[in-house]
Structure formats: C-alpha cells, structure tokens
Amino acid sequence: MNKISFDVMNARVTFKNIPLYTLSKFTFKDVIKACEEFKKIPGVDECVIVQTASRVEIFTVSNVEADDSPDARRAEGKTLVLNQIKDTWISLSSLEQIDIDHFDQTLEVYKGDDVYLHLLRLASGLDSLVVGKQEVYDEIVQSLANAKTADVSGKILNKLFESVIRLSTRMRDTTEISKDVLSLGDVAVKLVDEKAGLDVKKKVLLVGTGEPAAMVAKTLNKKNINFDVTSRTIDRATGFTALLGGNPVDFDAVLSGFDKFDIIFVATTSDYFLITYDRIRLVMEEKKKGTLILDLSDPRTVDEGITALPGIKLLFRDQIAEIYEESVKARAGIVPAVEKIIAKEIPILSATMKRLDA
C-alpha cells in the first residue's frame, strides 16, 4: 500500500500586488461554491478561501500517493495542480483578458512552511492593510467556520487554521498589537464628525480608490454612513465600491454636482490639483449650506484657493497626522516582538503538521 502524504498550497492576490479597484475582479461571488470547484481538481481534497476587501487567498491540500506519478510534490505535479487552480480561478471570477495575460505576475504562490509563516503573520496583524487591526483575524476565524460548516475543509487545514488562530490570539494578547489601533480612516472620520457632524442625513463623497480611501470607506461602513465614490475613471470607482461599498459616480458628474455634497474626503495619489477654484466656482457660488472638505492626499490635491468660495471649510492631512502617526509608531514598536514569537512558533507548527503528514 502506497504512503499518503499531503501538499499545502496558498495562492493569493492582495493589495500588495495590485490596486484595490482591480482586486474586485479576482473575487468570488460565492466563496463556498468556489471551494467546491477547487476541490474538483484531481488530488485537491481540502480548500479554505479567505476573501476580504484587501485580499483573495486560496488554501488547498493535495493528498497524494508517494509512488504515483506525477506526484504533487514533484515539480511537474505541483505545476499541474497550480495550473488547474489558475484555470478554475479564471472561470469563477470576472477577470479580463489583460488580467489573465498577467496572472502569473500577479499571483503569489507558497507551499509548506512558507504557508504557515504567512498565515501566522496575517492572523497576528502584521500583513494586514492596517497593522494590528482585528478585522483580518476575525475574517480568518469566520472563513474557517464557514469552510467547516460546508465541509470543504478537512483534517489538515482545520488543524492548521485552528493552530494559527490559537497562536495569534496569544500573540495579540501578550504583545497588545491590537490595542487602540487607529487607521487613517478612523482618525479622519472622527475629525470630520467633530467639525461638522457626520450622520445618515449628510451627503458624503469619497474621492480616491487607493489604500487611504479604503481606510475611510471601511470606517464609514462601520458607522453605517452612505457615501459616493469617484475616481479619475468610473471603472476604478466601480471596482473599488464592489469591495468596499459606496456608490460609484463619474468624476465629471461630481464636479458639476459639487454643491450636493455636505462632506467630501479626498484621498488620492494624484500629482496635481483635482479640485480647484475654477472647476467648482460656478456650481458653488449659489450654495447656501456649508461644505466640509478633508484632503488626506499627500501631496495635496485640493487647491486652497477654493476657500474663497462661500461656505467651504477645508481641512488637510496635517491636522490628523500627529494622532495617526502616533498610532502607526506604536504598532511599529510592537512588530519586532510579534516577529520574534512567530520565529519561535514556526518550527513547532511545522513539526505539528509533519506529524499529520506521517
């Protein structure tokens, strides 16, 4: 009787590889059905997908007989499984041809101990959009629970995820990396709320589709505040809102209807002024209610000259920088302690998984 062994693989696309507005094309409408499709690949027996606003990650286990050919642990076997994972991913998502052509450059693939290390870093908060944030940990816990309920995970991934959740819980508690974490969005929304009052009656606009804009969107969602999103192209705004909520709006339509908004967050990476006196003068001259604009961009993308228009109050990133940077600095000081714990735990976790292999 041939020996049965397993191969753990993690294939992922994250905010580190591609812009957030593009990430939506890599997502799955039904994560559990996607897991079931990946399990149809010959040799793949388990699957867990962690899908969030900043990442799509597939974890699979291939059980193979050591005397079979191709063995999933040999180069040709690994390539075969990976190619089928890519083909299945393409069939289940809304990727365009340009995304498919560059899939190999976009996709990150890891196996064995590298998977364990990544999952520990992710669950402990080191690899999240905001270091230390609790959200990714919660999403990992929920992903495992959903996979168990649907019976798409199994002995190997259940053990791996449960071990990682237990270890990361201890790391978060002992290092306090999750304590009082503030994102740029948390600080920005708090400032706007203090200055103008932020409630469901206010018409809110978010300009931008990058990471700073994502942090603002997440905070607005937590507070159940509806908002519109615009970018230099409507496709970017549409992709962004598919992941992070909001209503996509064409940028030219925003400029012509600028007077409709009470609160505007600007968080872009543009290297020129997007909002200028001349672009909004005609529509804003007759506005009777005030408009609060917070420019979080670096460099600034809102021309200070617009304050000559009646009712406009303009705030800049400088006014929240100190609070936000203190939070970032506090997290940065804790990261080495978390990394040290992870370095000690990885050999133990690896040995645990090898015992399952045996």
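When the Karplus curve 6.51 cos²θ - 1.76 cosθ + 1.60 is applied with θ = phi - 60°, which whole-Hz ³J(HN,Hα) does each residue of region 105-114 get, with x for Gly and Pro?
7, 8, 7, 9, 10, 9, 9, x, 4, 5
Describe numerically, in nm with one decimal, the distance between label points set 7 Å from Cα along Cα→Cβ at Y277 and at K40.
It is 6.3 nm.
About the Cα centre of the chain, how large is the charge dipole given +1 on each Lys and Arg Cβ and -1 on each Asp and Glu Cβ? Please answer in debye to the nearest 20.
In total the dipole reaches around 800 debye.
When only C-alpha pairs under 8 Å and at least 6 residues apart count, what is the relative contact order of the chain, in percent?
About 17 percent, as a whole number.
How far apart, in nm, are two points set 7 Å out from the Cα along the Cα-to-Cβ line at R166 and at K340?
2.4
Helix-only mean residue ellipticity at 222 nm, the chain, DSSP H runs n ≥ 4 weighted -39,500 (n - 2.57), per residue, nearest 500. What is it?
For the chain, the value works out to -15500 deg cm²/dmol.
Given the peptides 314-325, 295-306, 90-101, arrange them by the average over their residues of other C-beta atoms within 10 Å, most packed first.
By packing density, highest mean first, the sequence is 295-306, 314-325, 90-101.
Please work out how much length the chain gains when fully extended from A351 to S91, using 0.36 nm per residue of separation minus the C-alpha to C-alpha distance, in nm with one decimal.
Extending this stretch completely gives an extra 90.0 nm.
Just to confirm a number: summing +1 for Lys and Arg and -1 for Asp and Glu over residues other than L198 whose beta-carbon lies under 13 angstrom from that of L198, what do you get?
Around L198, the surrounding residues sum to +2.
For region 184-316, what size does the Cα cloud have along each of its three principal axes, sorted from largest down, in whole Å?
Rounded to whole Å, the extents work out to 35, 30, 24 Å.
Using only Cα atoms, tell me the angle between helix 211-222 and the longest principal axis of the chain; keep it within 0 to 90° and round to the nearest 10.
Rounded to the nearest ten degrees, it is 90.
Please name whichever of V130, I32, N224 sits farthest to the positive end of the charge dipole of the chain, dipole taken about the Cα centre and charges placed at Cβ: Lys and Arg +1, Asp and Glu -1.
Comparing the listed Cα positions along the dipole, N224 ranks first.
What is the fewest-to-most order of H102, H118 by other Cβ atoms lying within 10 Å of their Cβ?
With the sparsest Cβ surroundings first, the list reads H102, H118.
Taking K260 as the anchor, which lysines have their alpha carbon closer than 29 Å to its alpha carbon, excluding any fewer than eight residues away along the same chain?
K190, K195, K201, K202, K203, K218, K222, K223, K287, K288, K289, K313
May I ask you to evaluate 6.51 cos²θ - 1.76 cosθ + 1.60, the Karplus curve with θ = phi - 60°, for each residue of region 148-156 and list the ³J(HN,Hα) values in order in whole Hz, giving x for glycine and proline?
5, 4, 8, 6, 9, 8, x, 4, 6
Write down the percent of antiparallel bridges among all DSSP beta bridges whose residues are both part of the chain, to the nearest 5.
In the chain, approximately 55 percent of DSSP beta bridges are antiparallel ones.
Mean projection of the alpha-carbon convex hull of the chain over all orientations, in nm²?
Computing the convex hull of the Cα atoms and averaging its projections yields 19.2 nm².
Only the coordinates and a few stated rules stand behind these numbers; no lab work does. In this text the structure is predicted, and so the values were computed from the model without any measurement. Cβ atoms come from the backbone with ideal geometry, glycine included; neighbour counts cover every protein chain shown.
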